[in-house]
1. Working only within segment A:168-178, note down all residues that are open to solvent by 30 Å² or more (accessible area, probe 1.4 Å) and either under 26 Å from A:Thr143 (Cβ atoms) or more than 14 Å from every other protein chain (Cβ to nearest Cβ) (or both).
2. Kindly indicate which of B:Ala215, B:Ala220, B:Ala181, B:Ala206 is crowded, with 18+ Cβ neighbours inside 10 Å, over 23 Å from the mean Cα position of the chain (by Cα) and in a loop (DSSP other than H, G, I, E, B).
3. Would you mind telling me which numbered condition in (1) under 21 Å from B:Lys225 (Cα atoms); (2) touching a strand residue (DSSP E or B) at 6+ places or on another chain (Cβ under 7 Å); (3) more than 14 Å from chain A (Cβ to nearest Cβ) B:Val140 fails?
4. Open to solvent by less than 50 Å² (accessible area, probe 1.4 Å) and more than 21 Å from B:Met427 (Cβ to Cβ): does that describe B:Arg348?
5. Which residues, taken from segment B:64-93, are assigned to a loop (DSSP other than H, G, I, E, B) and among the small types (Gly, Ala, Ser)?
6. Is it the case that B:Thr149 is in contact (Cβ under 8 Å) with a residue 40 or more places away in the chain, over 25 Å from B:Pro128 (Cβ atoms) and hydroxyl-bearing (Ser, Thr, Tyr)?
Number of protein chains: 2
Amino acid sequence: MPSYKAPLEDVNFLLNDVFQIDRYNNLPGFSDASADVREAILSEAAKFAEEVLQPLNRVGDLEGCVRHDDGSVTTPKGFKEAFRQFAAGGWLGLSAPAEYGGQGLPVTLTQTIAEFQTAANMAFGMYPGLTQGAIAALLVHGTEEQKKTFIPRMVAGEWTGTMNLTEPHCGTDLGLLRTRAVKQPDGSYKITGTKIFISAGEHDLADNIVHLVLARIEGAPAGTKGISLFVVPKRLINADGSLGGSNGVSCGSIEHKMGIHGNSTCVMNYDGATGWLVGAENKGMQAMFVMMNEARLGVGVQGLAMSEVAYQNAAIYARERLQGRALSGPQAPDKPADPIIVHPDIRRILLSIRAFNEAARAMVVWTSLKSDIAHRSADEKERQAAEDQLGLMTPVLKGVLTDTGFANTVLAQQVFGGHGYIAEQGMEQFVRDARIAMIYEGANGIQALDLVGRKLPRDGGRAVMAFFGEVGAYAKEHGGDEAMAPFIAPLSTALGHLQQATMWLMQNAMAKPDNAGAAATDYMKLFGLVTFGYMWARMAKVAQDKIAAGDGSAYLKTKLVTGRFFVERLLPETALHLARIQSGCATTMELPAEAF
Amino acid sequence: MPSYKAPLEDVNFLLNDVFQIDRYNNLPGFSDASADVREAILSEAAKFAEEVLQPLNRVGDLEGCVRHDDGSVTTPKGFKEAFRQFAAGGWLGLSAPAEYGGQGLPVTLTQTIAEFQTAANMAFGMYPGLTQGAIAALLVHGTEEQKKTFIPRMVAGEWTGTMNLTEPHCGTDLGLLRTRAVKQPDGSYKITGTKIFISAGEHDLADNIVHLVLARIEGAPAGTKGISLFVVPKRLINADGSLGGSNGVSCGSIEHKMGIHGNSTCVMNYDGATGWLVGAENKGMQAMFVMMNEARLGVGVQGLAMSEVAYQNAAIYARERLQGRALSGPQAPDKPADPIIVHPDIRRILLSIRAFNEAARAMVVWTSLKSDIAHRSADEKERQAAEDQLGLMTPVLKGVLTDTGFANTVLAQQVFGGHGYIAEQGMEQFVRDARIAMIYEGANGIQALDLVGRKLPRDGGRAVMAFFGEVGAYAKEHGGDEAMAPFIAPLSTALGHLQQATMWLMQNAMAKPDNAGAAATDYMKLFGLVTFGYMWARMAKVAQDKIAAGDGSAYLKTKLVTGRFFVERLLPETALHLARIQSGCATTMELPAEAF
């Protein structure tokens, strides 16, 4: 059976030392999260993930969710109890405003904790994750009445939230959606249509479910310009706030999926269900994007989380499994064989995963801080810069963390040999669960297009120029530091590749957009590698400074070796992506469709 | 539901035009496989795979195999009937010698057909695949009596075969195995022990199962030098050849696995079962290696097969699914959206898979031909050269085709968006099924070590030098051909990288074997890319010549574009592998085991 330990030492190093989040104590909520409070919260969160959520992970996979004839859905054994405890612990509203019952703490903290919850039990973690996304959307676009009606109950875990976008014939291209909304005399709407792939669409964890639904108001324009957002509760709410009768929305079936069996993925049928407009008419896409950006960050964290838990179990197995002898001679001559961790190829796998995990975790903290600043800073310029960075980094983080996170679960499974293919070991579940993160909240190809087509050119490239400026300045500042040379030189090379790729896009994609499309995925991966390189340089510098100041911990030594593995083995991939980008779209676009 | 069409046009192009197998008509069996006979056989095999095996693929996944309390195992509905048809069609003994009931046709043909069978139904294809492996081992090492007793019945499909190597505590490191063999007065042995992960270990497809079992004879040396190979039938055989009583071997349980549910993966308990020595005492590893080399080729084919069927379904979906508009403007303005094949990122995925599939298929034919020559040529020098090449290419083919084949099923699944995650679509089954091929018959890390540690230095590097000579000569021969420049220049660069990597290993791995271990996987991938580059150059040349001679088929045009995609987008990865190899083992080996 797999195990999990939350990486508290690494998280504390990032929050306290690398990003020094106490520097942001001027932002609302940050001073409440002082170092000791933070560490207490993190260690409670770790305990909950390790002791309550992780033991339910395999049960969730085996049992899955069951839909009954009346349309109700039962979650796996233990989920309901765990969700009660989760809600009682206040984890749902950690970053929600105090006026709605939340604790107002930084999103950075919530995202850090989300990693623990997901690593322990990804299918479970989606229930609160979606609820937090719905809270975020209502906070920005909901009326005061909507906020008061829905948010405190979601913060308390009495109700949960969902996102309803996809329909059978449209996922990425929401302009095609057919769900209709008809205005009623009382200002509400009757919603009718079918939504598919609705995570947590129906379940037994909470008394009510708050569906956020995209639909087209009668007479609205075609395409995405005619889409509005509605809030549609599973059960109607009486004037006194108590639960009323059931609304016209029901779960038609649940999907048989590759993984995340513990989360109910529903076909939701809306049959004249009563809903209320969220935000302005026909501005549903903008409103939904608020939720999607939060959600995309959260999905990126899922990639990291699955990679981390897979790594931990592979490392344990590699230290314990005796098989063969070290190439350099027996390392455990008293045993029938050496543990397989003596083999360079096993270490290559483990270090590849670990070097990603630690960079990805740094990127999550760095990006979440931008989210906090963007939402909480009083300084407009600072807010603007943070929003720029957040917008730029969101597709990279979602795409690269889930692609690599999934690939890493496959690598970790390989360490187990044949045993990795057997269900009881749990490694194959990580692979199956992690797979979805590359698909939902915008398939990764869409993230790449969002980066290249929208985020890059926006405001004349202001965000990307700021990023180049920041990384370039960092490299320059530490270019003369001999100890940092193993990190700075490769970072500068990689940044150069990204700048060349960006230049190539500027020169070639305006006139021929297919050049952008054919380059998009490689550009996203290149961007991710450079960001990781920057994260590693910053972590290495802080580790070196702490070591120089007398800290002799094994953690810091391991950090530096892992960082060197990253720059030696993983970062050089930037050149490959640049070559692919520069090869253009001609060959890719040459064949007629029927030739495939 | 997924579909499958065997790639007959591509196979015929390879056999007839690229490798011109009629040139080998001097070898036994080849002249029986004249072009028309070959095409008839291939088209029958295609039909069987498409019409009989493919429709059983999802049933096999859903039902899996069921073990009953008496230890018997039932295969999924339809498998038994299909296996009867398969046997009746003569497919099991296509390449087996005529004296044992086979048809004596080239292994090249059998491997080509194995692709069809596996693509249609991987779990099913393993039953005949293992039987063919057992036939191969007995042909080389069995006594005349053993051959006569077992081979004709396996060729007829009345009996099937298995390989029993792995035990709970040992897979890769067979030197640790504990299964015991005690010699009996009649010359037979009593075999006792537990074997795990035994594919097709117990089932209801045949009257008897011929287990080939590795065990240690009482008093034999420790380690791999004391291992012998035994043949242990499930049911004993009477003197007249009829089936006798059951032997002391039974299926203790079947594994719950990630995929290939239609194949029964058994724990086999040997409890004083009667077995007979195959080959010499304590020479079991050599005997088993015959079977393993055959099997490794077959597993490589599985990687290709899964990649091919996944590609075909992704291409169909990409042509049909309407979503979004082309970046260059609407392509199907009469429809609500364009088919997603207009998007460069979708084409990037499809072409990446296809460019691999066609190169991998060429490599399978090329390598299988070496196998045929090695086994059938009367010319010792020719046989020797073919054996060298076969030995060198086997780990590359197994490792690279299964790694990339699996990765391609994941890419193909991505084309489906959320629908790819849903079981009914069948794409996620391809991913789960393909995953095992990276693990069994020697995990791919072991293939890489076999390449670097054994195959490369063997006979003073004779095999690798011959390969460099052949590819270098080909590049030189066509270096002046302008039409071939897009293929030859990148091939030469890639070959240069492989030669540099080889040189680096010669200089750095002798004194420090961990340098070889840390380089092994990257070296294997680099080797695979260069081989694919060579295959593509040869295919491109033949296609260009045919086009110049007036052949205007769409097939040839598509071939050339796909080849250009390979050299532009995939082949440049060689530089990355070289950089990783040259970074050495220091960082990889630096951390103590407890730091992981």
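1. none
2. Working: B:Ala215 fails: in a loop (DSSP other than H, G, I, E, B); B:Ala220 fails: crowded, with 18+ Cβ neighbours inside 10 Å; B:Ala181 fails: in a loop (DSSP other than H, G, I, E, B).
That would be B:Ala206, the only listed residue that is crowded, with 18+ Cβ neighbours inside 10 Å, over 23 Å from the mean Cα position of the chain (by Cα) and in a loop (DSSP other than H, G, I, E, B).
3. (2)
4. Values: open to solvent by less than 50 Å² (accessible area, probe 1.4 Å): yes; more than 21 Å from B:Met427 (Cβ to Cβ): no.
For B:Arg348, the condition - open to solvent by less than 50 Å² (accessible area, probe 1.4 Å) and more than 21 Å from B:Met427 (Cβ to Cβ) - is not met.
5. Going residue by residue through segment B:64-93, those that are assigned to a loop (DSSP other than H, G, I, E, B) are B:64-65, B:68-72, B:75-78, B:89-93.
Those that are assigned to a loop (DSSP other than H, G, I, E, B) and among the small types (Gly, Ala, Ser): B:Gly64, B:Gly71, B:Ser72, B:Gly78, B:Gly89, B:Gly90, B:Gly93.
6. Details: in contact (Cβ under 8 Å) with a residue 40 or more places away in the chain: yes; over 25 Å from B:Pro128 (Cβ atoms): no; hydroxyl-bearing (Ser, Thr, Tyr): yes.
No; evaluated as a whole, the condition is false for this residue.
Conditions (1) under 26 Å from B:Phe416 (Cβ atoms); (2) in a strand (DSSP E or B), marked per residue:
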| position | (1), (2) |
| --- | --- |
| A:Gly133 | yes, no |
| A:Thr160 | no, yes |
| A:Thr194 | yes, yes |
| A:Val232 | no, yes |
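One line per residue, one yes/no per condition, for (1) within 14 Å of chain B (Cβ to nearest Cβ); (2) in contact (Cβ under 8 Å) with a residue 60 or more places away in the chain:
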residue	(1), (2)
A:Ile436	yes, yes
A:Gly445	yes, yes
A:Val452	yes, yes
A:Lys455	no, yes
A:Asp459	no, yes
A:Ala463	no, yes
A:Ala466	no, yes
A:Gly479	no, no
A:Ala483	no, yes
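The values are calculated or read from the model by the stated rules, or taken from the named source; none is laboratory data. Please read these numbers as outputs of a predicted model, since none were measured by experiment. Note: ideal-geometry Cβ built from the backbone for every residue, glycine included; neighbour counts use all protein chains shown. When the accessible area is computed, the model is the full protein with side chains, heavy atoms only, and any ligands, DNA or RNA have been set aside. Shrake-Rupley method; radii C 1.70, N 1.55, O 1.52, S 1.80 Å.
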